[in-house]
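Dumping the structure here so I can ask a few things about it.
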Amino acid sequence: MPDHPLPEVSGVLSAGQLRQTVAAIAAEQSADGAIPWFRGGRLDAWDMVEAAMALDVGGEHGRALAAYEWLAGNQRPDGSWASEYRDGRVVAPAAESNHAGYLAVGVWHSWLSTADDGLVDRLWPAVRRALDLVTAMQLPTGAVGWALRPDGSADDTALLTGNASLYQSLRCGIALAALVDDPQPDWDLAVTDLGAALRTRPDAFADRSRWSMDWYYPVLAGAFPGPAADERLGAGWDTFVVPGLGVRCVADRPWVTGAETCELALALAAVGRTGAAVEQLAAMQHLRAEDGSYWTGLVYADDARWPVERTTWTAAAVVLAADAIAGTSPAATLFADPGALDRLDPASGRPPPVGADRSDGRQARG
């Protein structure tokens, strides 16, 4: 869609370069709408939603809808998806909670992008089933078990990054519930308890503090607002950020990854640190390939790409970070305030532009 406005981050990425990146994601999409990591590679629901969101930013709304319809068509009766598919076949059948939850984020993002009520109506049953599963997997601590056991009960291990993603998913689901006038009070209770666990109960989660995602994702998801967000980001900065290269995936490895770097940029943009977000987006451009796709990571001690793959979700993270920084698409504010339905502009039905005073907004739909 050559006339569709794309984000532009001065000195880092032009709109034309981002259009090329969106095209690189689209090139990996199968005819049935599925978006694997790369053609012939792994597919999981979370990363597929991320790729579909980037397609919406790029104006490829039909492709994004096809991806969401693939997910709806492949959802299992309990609301879950298999943790891994390849070429349409289930490879790993485990049901992971964060995979189930993320559809809500994608559908809310797509509605913000398109104002397509029909899309929401078609996908709402799948979102509701998925988030009902998530709430059923919530543990007494307020955290959510990472997967279902073979007997259908929730595993009592909870992962911090996955739970932060679920916090965002529930907030987006609650916004969708208001949009379709189908309140879900259990989700309101679940997100309140989950937010408290993320902020005050570190012992509720498995210790994966070596991983950068556990550092920044609670900020990205909105669980640490205000000064608490700055304090958390500052505490891990020197551990994970490699100046000029991006973010380490794991604290004790000389390996920077593009998606983690862009997700940190999203977290920074969400708390208003736009300059720092731009710096991180710029730092990971050494992973860009000539066709606009992105290598997953670099082992900088060896100056070697690893793994040797260019993934749709890495490219998608670039597009979403650029949009959050530039504020171009109607969905650019999602990470800063995912559930702000009561502050939608009454004329457009979408959030006001990034940086605008949103205090006088009113709910657009009852």
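Buried (at least 24 other Cβ atoms within 10 Å of the Cβ), in a helix (DSSP H, G or I) and more than 16 Å from the chain's Cα centre (by Cα), is that true of Q285?
Answer is no for this residue.
Pairs needed: first member in the stretch 26-49, at positive phi; second member anywhere, surrounded by fewer than 17 Cβ atoms within 10 Å (Cβ to Cβ) and in a loop (DSSP other than H, G, I, E, B); C-beta distance under 9 Å; at least 6 residues apart or different chains.
G40/D87
Taking the condition of being in a helix (DSSP H, G or I) and free of Cβ contacts under 8 Å to residues at least 24 places away in the same chain, how many residues in the stretch 131-173 meet it?
1
So which residues in the stretch 142-178 are of a type in the set (V, I, T) and either closer than 11 Å to V191 by Cα or touching an Asp or Glu at 6+ places or on another chain (Cβ under 8 Å) (or both), if there are any at all?
Correct list: V144, T161, I174.
Can you tell me which condition T311 does not meet? The list is (1) of a type in the set (S, T, Y); (2) surrounded by fewer than 22 Cβ atoms within 10 Å (Cβ to Cβ); (3) over 21 Å from L233 (Cβ atoms); (4) at pLDDT 95 or above, and all the others hold.
Only one criterion in (1) of a type in the set (S, T, Y); (2) surrounded by fewer than 22 Cβ atoms within 10 Å (Cβ to Cβ); (3) over 21 Å from L233 (Cβ atoms); (4) at pLDDT 95 or above is unmet by T311, namely (2).
Restricting the search to the stretch 64-91, which residues are closer than 12 Å to L148 by Cα, without any contact (Cβ under 8 Å) to a residue 40 or more places away in the chain and surrounded by 20 or more Cβ atoms within 10 Å (Cβ to Cβ)? Full working, then the answer.
Taking the stretch 64-91 first, the residues closer than 12 Å to L148 by Cα are 78-83.
Subset that is without any contact (Cβ under 8 Å) to a residue 40 or more places away in the chain: 81-82.
W81 - this is the single residue of the stretch 64-91 that is closer than 12 Å to L148 by Cα, without any contact (Cβ under 8 Å) to a residue 40 or more places away in the chain and surrounded by 20 or more Cβ atoms within 10 Å (Cβ to Cβ).
Can you report the number of residues in the stretch 33-62 which are in a loop (DSSP other than H, G, I, E, B), within 21 Å of R76 (Cα to Cα) and out of contact with any strand residue (DSSP E or B) (no Cβ under 9 Å at 6 or more places or on another chain)?
Here the count works out to 1.
So is S113 under 16 Å from Y217 (Cβ atoms), in contact (Cβ under 8 Å) with a residue 24 or more places away in the chain and among the polar types (S, T, N, Q) or not?
no
Could you tell me which numbered condition R343 fails, if it satisfies all but one of (1) charged (D, E, K, R); (2) modelled with pLDDT under 95; (3) loosely packed, with under 14 Cβ neighbours inside 10 Å?
Only one criterion is unmet by R343, namely (3).
Could you list all residues from the stretch 291-308 that are acidic (D, E) and either over 17 Å from I25 (Cα atoms) or assigned to a strand (DSSP E or B) (or both)?
Pass one, the stretch 291-308, residues acidic (D, E): 291, 302-303.
Those that are acidic (D, E) and either over 17 Å from I25 (Cα atoms) or assigned to a strand (DSSP E or B) (or both): D302, D303.
Which one of A136, A94 is touching a strand residue (DSSP E or B) at 6+ places or on another chain (Cβ under 9 Å), under 18 Å from L170 (Cα atoms), surrounded by fewer than 21 Cβ atoms within 10 Å (Cβ to Cβ) and at pLDDT 95 or above?
Going through A136, A94 in turn, the sole match is A136.
A further question on this structure: Among (1) among the small types (G, A, S); (2) modelled with pLDDT under 95; (3) in contact with a Phe, Trp or Tyr (Cβ under 8 Å, 6 or more places away or on another chain), which single condition is A51 missing?
Result: A51 passes all but (2).
Could I ask something else about it? So which residues in the stretch 87-105 are closer than 16 Å to L133 by Cα and either touching a His at 6+ places or on another chain (Cβ under 8 Å) or among the aliphatic types (A, V, I, L, M) (or both)?
Correct list: A94, A95, A100, L103, A104, V105.
A further question on this structure: Pairs please, first residue from the stretch 262-284 and more than 13 Å from T333 (Cα to Cα), second anywhere and among the polar types (S, T, N, Q), Cβ atoms under 7 Å, 6+ apart in sequence or on different chains.
Cβ pairs passing all conditions: L264/Q280; A265/Q280; Q280/T261; A283/T261; M284/T261.
In this structure, does A206 turn out to be more than 15 Å from T261 (Cα to Cα) and assigned to a helix (DSSP H, G or I)?
No: the conditions fail for A206.
Would you confirm whether or not the stretch 106-114 contains a residue that is assigned to a loop (DSSP other than H, G, I, E, B) and either polar (S, T, N, Q) or at pLDDT below 95 (or both)?
Checking the stretch 106-114: not a single residue is assigned to a loop (DSSP other than H, G, I, E, B) and either polar (S, T, N, Q) or at pLDDT below 95 (or both).
Next question, about the same structure. Considering the stretch 66-105 alone, what residues qualify as being in a helix (DSSP H, G or I) and under 17 Å from the mean Cα position of the chain (by Cα)?
Within the stretch 66-105, A67, Y68, L71, S97, N98, H99, A100, G101, Y102, L103, A104, V105 qualify.
The values are calculated or read from the model by the stated rules, or taken from the named source; none is laboratory data. Since the structure is predicted, the reported quantities are computational estimates derived from the model, not experimental observations. Positions of Cβ are generated from backbone atoms using ideal geometry, with glycine treated the same way; all protein chains shown enter the neighbour counts.
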